[in-house]
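Beneath this line is the structure, given in structure tokens, with notes to follow.
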Amino acid sequence: MELLSFLFLSLLFFLYLYIQFLARKKPRNNKAFKDYPLIGTLPEFLKNRHRFLEWTTQVLRDSPTNTGVFSRPYKLHGILTANPDNVEHVLKTKFDNYPKGERFIHLLQDFLGNGIFNSDGDLWKVQRKTASYEFSTKSLRNFVVDAVTFELQTRLLPILSKASETNKGLDLQDLLERFAFDNVCKLAFNVDPACLGGDGTAGGEFMRAFEDAADLSSGRFMSILPDVWKIKKLFNFGSERRLRESITTVHQFADSIIRSRLESKDKIGDEDLLSRFIRTENTSPEFLRDVVISFILAGRDTTSSALSWFFWILSSRPDVQRKIRDEIETVRSEKSKGKIK
């Protein structure tokens, strides 16, 4: 028994020395993800999982190519990049070479289904073609302008004016998320959730459930072991239970609107995306729900994030603020004189 214990400890000690040897032998780039033998970037991932965005942003910023290889056990490998040329190559130049893949689609299936951001091949092309055509139409652009103008004049500007008069602080990112959510729901469903007006509405409940579903779904990618979430889903506990409840709320809200619109199919207009997708060949309620949820996800996050960063950067540039105010005054003056219609 003592001999076996000695051999086992000797084996562990040898393995430790071998890993240290490989670590010294392998050249490291101090400005990329630290890659350890056998376990890849797992130690750094565990250390920074709670601040994944900040961590990866810093690593990519310090990398000479703004790109780094991210590897974990169980063959979980990937490349993270913030290089504009790489992004253009993947998303435009050679887009067909970079499908989302089975793992990505599987992890987001419960929330996004087969929507445009969770599909490949022909299914993606059908949605992309329909959306690109509809977004190029004048009627949809006018619809968006009218919806945004209404949201600005009746909700956002009054909130900002009141805060200015009372010298009250605001969570601008939260405010802009609600602003974007109202607008994108109007675009997708032609339904106003009125989230910017308060939480005490069915739309407010939908927004909160939507946020939780998006956060918890993306959390599956942050799991230490790749299949732990499947066990939690099977036994319906922890984050997977909350995810199921959130997705149920989101689907019920979306399904009720879609069902109502399909039942009055002869009265469908052409303003919102839902109406336009209903007129395509595939009009199953599940497909329509997946399409609309994907567009809400895209519109809410991109718009609110872009606006939040814009105002954050603008707050540090008083010279740019002056130029914007001067331009606004010029446009107002010319408009009042009838030079601009």
What is the calculated FRET efficiency for THR81 to THR137, with r their C-beta to C-beta distance and R₀ = 41 Å, to the nearest 0.05? 0.75
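When the dipole is taken about the Cα centre of the stretch 129-337, and only Lys, Arg (+1) and Asp, Glu (-1) are charged at their Cβ, what size is it in debye, to the nearest 20?
In debye, rounded to 20, the stretch 129-337 gives about 180.
Filter LYS94/LYS186; LYS138/LYS323; LYS47/LYS92; LYS75/LYS232 down to the pairs with a C-alpha to C-alpha distance above 24 Å, please. Please list the in-between numbers first.
Working: LYS94/LYS186 33 Å; LYS138/LYS323 31 Å; LYS47/LYS92 34 Å; LYS75/LYS232 22 Å.
Beyond 24 Å between Cα atoms: LYS94/LYS186; LYS138/LYS323; LYS47/LYS92.
Tell me, in nm to one decimal, what length is gained between LYS129 and ARG244 on full extension, where the rule is 0.36 nm per residue of separation less the Cα-Cα distance? Present the calculation step by step, with values, prior to reporting the outcome.
Numbers: separation 115, 0.36 × 115 = 41.40 nm, distance 3.12 nm.
Full-extension gain reported as 38.3 nm.
Quick one: divide the alpha-carbon radius of gyration of the stretch 156-276 by 2.2 N^0.38 Å and tell me what you get. Don't skip to the end; give the middle numbers.
Working: Rg = 18.0 Å, N = 121, 2.2 N^0.38 = 13.6 Å.
Cα-based Rg divided by the globular estimate yields 1.32.
Dipole size in debye (nearest 20) for the stretch 175-257 around its Cα centre, Lys and Arg Cβ +1, Asp and Glu Cβ -1? Please list the in-between numbers first.
Working: 10 positive and 12 negative charges, 77 e Å.
Result for the stretch 175-257 is approximately 360 debye, rounded to the nearest 20.
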Using alpha carbons only, how many degrees (0 to 90, rounded to 10) separate the axis of helix 285-314 from the longest principal axis of the chain? 90 degrees
On a 0 to 90 degree scale, rounded to 10, what angle separates helix 2-25 from the longest Cα axis of the chain? 50 degrees
Sorted peptide list for 47-54, 244-251, criterion being average Cβ within 10 angstrom, highest first: 244-251, 47-54
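If each residue of separation counts as 0.36 nm, what is the full-extension length gain between ARG103 and ARG279 once their alpha-carbon separation is subtracted? Walk me through the numbers on the way to the answer.
Details: separation 176, 0.36 × 176 = 63.36 nm, distance 3.16 nm.
Length gained, ARG103 through ARG279: 60.2 nm.
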Angle in degrees between helix 157-166 and the longest Cα principal axis of the chain, rounded to the nearest 10: 80 degrees
Based solely on its DSSP helices, what 222 nm [θ] is calculated for the chain when runs of n ≥ 4 H residues each add -39,500 (n - 2.57) and the sum is averaged over all residues, nearest 500 deg cm²/dmol? -21000 deg cm²/dmol
Please work out the FRET efficiency for the pair LEU53 and SER336, using the Cβ-Cβ distance as r and a Förster radius of 35 Å; give the result to the nearest 0.05. 0.15
Dipole of the stretch 23-98, positive direction: furthest Cα of ALA82, TYR98, HIS50, with charges on the beta-carbon: HIS50
Test of understanding: what is the full-extension gain from ILE328 to SER161, defined as 0.36 nm times their sequence separation minus their Cα-Cα distance? 58.4 nm
Choose one of ALA213, SER139, SER239: the residue whose Cα lies farthest towards the positive end of the charge dipole of the stretch 129-337 (beta-carbon charges +1 Lys, Arg; -1 Asp, Glu; about the Cα centre). SER139
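Each reported figure results from applying straightforward, stated rules to the coordinates on display, with no laboratory input. Values in this document were obtained by computation on a predicted structure and should not be read as measured data. All Cβ positions, even for glycine, are placed from backbone atoms using ideal geometry, and neighbour counts span all protein chains on display.
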